[in-house]
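The values are calculated or read from the model by the stated rules, or taken from the named source; none is laboratory data. Computed from a predicted structure; not experimentally measured. Cβ placement follows ideal geometry from the backbone for every residue including glycine, while neighbour counts extend to all protein chains displayed. Side chains included, ligands, DNA and RNA excluded: accessible areas come from the protein's heavy atoms. Shrake-Rupley method; radii C 1.70, N 1.55, O 1.52, S 1.80 Å.
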Amino acid sequence: MAKASRPLRTRSSNQRFLFVIFSLFTPAPLISFHAPTNSYVAHALAANHARVIRPGTQIGASRCTNNGPSLFLPVKDIMEMDDSSGYNKEQESRSRRRWSRKNAVLRVKKSVTVFASVIASSFLLAVKPASAVELSSILSSATELLKTATTTANPTTSPSSSYLLTRILFLRFLAIVYTAAFSVAKFQNKGLIGDNGISPARNILNAADRRGEAKSARRKEWLEQRKNYTSTASSNNSTNFVVKCKNKLLDCPPATAFRDKFWHRIDRRDRPLPTLLWFARDRNNLNPWLDGLANVGLILSAMMFATGSANVVLMLGLWLIQRSFMAVGGSFYGYGWEPQLAELTFHALFLVPMLSMNPFFGSEVVPAAAAVAAGGVVSTSGMVATKGAFPVPTLVIYGIRWYLFKIMIGAGLIKAKSSDPKWKPGNMSAMDYFYETQPVPNPFTRYFHFMPKAWHRFEVWSNHFVELVAPFLLLMPFRSLRLAGGLIQIMFQFILISSGNLSFLNWLTIVPAIFCLDDAFLVNNLPSLVQKIALGTPTTQTYIQSVTSGAISFRQAPIARTILSSAFFVLMAKLNINVVRNLLARPQLMNASFDKMRLCGTYGAFGVVSERREELIIESANNINGPWKEYHFKVKPGDVHRRPKWISPYHHRIDWQMWIAAVSGRVERSPWIYRFLLKLLRQEKDVIGLLKSDPWKAELGAESNDDDSSNAPKYIRIEKYSYKFYDTNNATISNDDEGNKPYWVRERLGRYFPRQGVASADILEELANRH
């Protein structure tokens, strides 16, 4: 090192100036193998930033020689070095800290570096003319350094700014959510929206067809009127030319077919219906399509979970299937988590490679010697090395964080602006009733409900903090705050999961929070067994070694990827303008979208908490005077002695709809109930399969006599009951015949439907056709 720094003591003003320029604009701390003796600039760099490696030093599987051109590599890229080189760990540590402080400078583009060197050389020639030999030596050394420093294909990156492992975990969690969603579709859609279901999908498709035909007819009339229209700007030839080109483009056969077959086929809110069911030839036989789409979705989800990766084709398939069910699902796909899942999948389209299924897309495993020469990362074995992968698009990561921010802040503002005083200071009693009145309790819900009232007050305050304050941490540029924000949301969702069966909503909310955690956090904090399960792929271990060593190399993102990410960011920024306006508005909409394609939405939940749980109990009879037999659902409270089940993230849609109908009030607000009751009277198999059992037959799957008309219901009604958790400390109700203690206490409130008398099949059919 003494010999390497001697020339600096006698350097001229030209050399000092070049030393300053290159100290500022060199992209990384460098290591010089066999530094050229005539290059004062190289000596300056070696003294300021790097170690000069002696000839013969062993580095990994390669050895520095006395011959050949100079080779400069980032300090972090060298993981193994022989002690004979005089390697100083303290000096490397200082170099790494210097690299971290000047992270912005290290990202200066090549053009800026070249421009600075040209300006410096011009200045030196103007101040003190140099000889041709000296000038040639300086410029040749500068050119060599710039070429090596600025054209490196995989610049070293801090592990705290890499998200390849995070993307693997993100995709696997998303696969879990999709597995639950498509499992629900496979086992329930035929009874809900199938050919003989409660709300057949063909009805929505036919209605959209009729609207599309009417809209296309109106456009044809307008086109005929336009032919006779004389433009007031006819004197402006340039304007006429632009208008004519636009009209020809909009009236060409492909554009007309797109409008007639898609854009004009709209729902009641004038939104197109993107669904693959448009390709079905026979709309009276959609059950095979519903099953097929669910099966394909399950296969794609399994592929994504098994590989920990996805590409645009796979994500587009998941998005199209989810949107296909949303388009025809009606009330049964009207929950907030359905568009929420579709929106997150749309974000993920820009997060994954176009075709490759490699989670470390762009990386290559090569011999260590070749990796050192190419600036790669050497593994601890010194035998193989991984060349840099393409980084996860930063703009998409921030888009996903914003997506989580608006979900949580929307949920908090819904409660803060609600008319329900139980969420307001001075009352704060919402959690006194939340557990008992939530849609589908689980086995632990009763324990949460009977916690002390002081604890429930603390829960309300904690909820306000998590939903109104903590979301701002998600958008912070500081890593520690961002990590804290992500962990708060993840822990909050797991608490909600443990307290009730809220479908896959909470699991889905965890997925975007994962992108607040970087690779370094996952490697340093997850146990090795969890890493193998959650992050494991054939090449994960090599990448984890590079994270552990603090030396991660990335390739420069392709221009096409940068353009797509920027376009996505601009699109979502535009679509979220109305979302922000809604969040700031006094009458805030919940679970709504403001664009026709429903790419971006606003969300919220539980703005009002009921103080009494009301359940709708369906009963039917063969005789108007009874006896009346009760229908039992799979998870909805009914039998007071039945304990709740744990089904999360699975979801029983008909049970949720019955809860919504109970809290919505009159039956006219839930017109699907008429068709549901009619199907029960007719004992249609697909609809009966949504229930736990048919009271007019044996348990589902058991043999029964279908020809016995005396064993079929003729009349049906819905009674309304209030339900409360049974307090074991105040045991006043006796056990059942089998000795089981009651789980609920219920009290009849009155008739829900019909208000007087009973309903028969003829009455229900008339009501269903009317609505």
Unmet requirement for L293, which otherwise passes all of (1) over 23 Å from N506 (Cα atoms); (2) crowded, with 19+ Cβ neighbours inside 10 Å; (3) at pLDDT below 95
(3)
State all residues of the range 505-531 that are closer than 21 Å to I407 by Cα and open to solvent by less than 30 Å² (accessible area, probe 1.4 Å); if no residue qualifies, say none.
N506, L508, T509, I510, V511, P512, A513, I514, F515, C516, L517
The lone exception for F279 - which of (1) of a type in the set (F, W, Y); (2) over 21 Å from R218 (Cβ atoms); (3) surrounded by 13 or more Cβ atoms within 10 Å (Cβ to Cβ) it fails
(3)
Residue in the range 466-474 that is of a type in the set (D, E, K, R), part of a helix (DSSP H, G or I), within 18 Å of M408 (Cα to Cα) and in contact with a Gly (Cβ under 6 Å, 6 or more places away or on another chain) present:
yes
Of all residues being surrounded by 20 or more Cβ atoms within 10 Å (Cβ to Cβ) and of a type in the set (A, V, I, L, M, F, W, C) in the range 634-655, which is nearest to F182 (Cα to Cα)? Just the residue, please.
I654
Yes or no: the range 549-563 includes at least one residue that is open to solvent by 40 Å² or more (accessible area, probe 1.4 Å) and touching a strand residue (DSSP E or B) at 6+ places or on another chain (Cβ under 7 Å).
yes
Selection from the range 525-548 of residues assigned to a helix (DSSP H, G or I), in contact (Cβ under 8 Å) with a residue 12 or more places away in the chain and out of contact with any strand residue (DSSP E or B) (no Cβ under 7 Å at 6 or more places or on another chain) yields Q531, A534, T540, I544, Q545, V547, T548
Going through the range 318-343 one residue at a time, which ones are of a type outside the set (S, T, Y), open to solvent by 20 Å² or more (accessible area, probe 1.4 Å) and more than 14 Å from the chain's Cα centre (by Cα)?
L320, G330, G334
Which numbered condition in (1) open to solvent by less than 60 Å² (accessible area, probe 1.4 Å); (2) modelled with pLDDT under 95 is the only one that I618 fails?
(2)
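Can you confirm whether the range 434-448 contains a residue that is of a type in the set (K, R), more than 19 Å from L589 (Cβ to Cβ) and open to solvent by 40 Å² or more (accessible area, probe 1.4 Å)?
Pass one, the range 434-448, residues of a type in the set (K, R): 446.
So of that shortlist, the ones also more than 19 Å from L589 (Cβ to Cβ) come out as 446.
Then drop every residue that is not open to solvent by 40 Å² or more (accessible area, probe 1.4 Å), which leaves none.
Taking every residue of the range 434-448 in turn, none turns out to be of a type in the set (K, R), more than 19 Å from L589 (Cβ to Cβ) and open to solvent by 40 Å² or more (accessible area, probe 1.4 Å).
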I'm told V608 meets every condition in (1) buried (at least 20 other Cβ atoms within 10 Å of the Cβ); (2) under 20 Å from A661 (Cα atoms) except one. Can you identify the failing condition by its number?
(1)
Could you please let me know if A567 is free of Cβ contacts under 8 Å to residues at least 24 places away in the same chain and either in a loop (DSSP other than H, G, I, E, B) or open to solvent by less than 60 Å² (accessible area, probe 1.4 Å) (or both)?
yes
Could you please find all residues in the range 589-636 being among the polar types (S, T, N, Q) and in contact with a Gly (Cβ under 6 Å, 6 or more places away or on another chain)?
N591, S593, T602
The residue that is nearest to R746 (Cα to Cα), considering only those in the range 650-669 that are part of a loop (DSSP other than H, G, I, E, B) and modelled with pLDDT of 95 or more, is H652
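Look at L300 and say whether it is in a loop (DSSP other than H, G, I, E, B), among the aliphatic types (A, V, I, L, M) and farther than 25 Å from Q657 by Cβ. It would help to see each step written out before you state the result.
Working: in a loop (DSSP other than H, G, I, E, B): no; among the aliphatic types (A, V, I, L, M): yes; farther than 25 Å from Q657 by Cβ: yes.
For L300, the condition - in a loop (DSSP other than H, G, I, E, B), among the aliphatic types (A, V, I, L, M) and farther than 25 Å from Q657 by Cβ - is not met.
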Here is a list of conditions, (1) surrounded by fewer than 16 Cβ atoms within 10 Å (Cβ to Cβ); (2) closer than 26 Å to Q340 by Cβ; (3) modelled with pLDDT of 95 or more, and W455 meets all of them except one; can you say which number that is?
(2)
Please verify whether F361 is in contact with a Phe, Trp or Tyr (Cβ under 8 Å, 6 or more places away or on another chain), buried (at least 17 other Cβ atoms within 10 Å of the Cβ) and modelled with pLDDT under 95, treating the condition exactly as stated.
yes
Could you please find all residues in the range 677-692 being assigned to a helix (DSSP H, G or I) and within 34 Å of the chain's Cα centre (by Cα)?
D686, V687
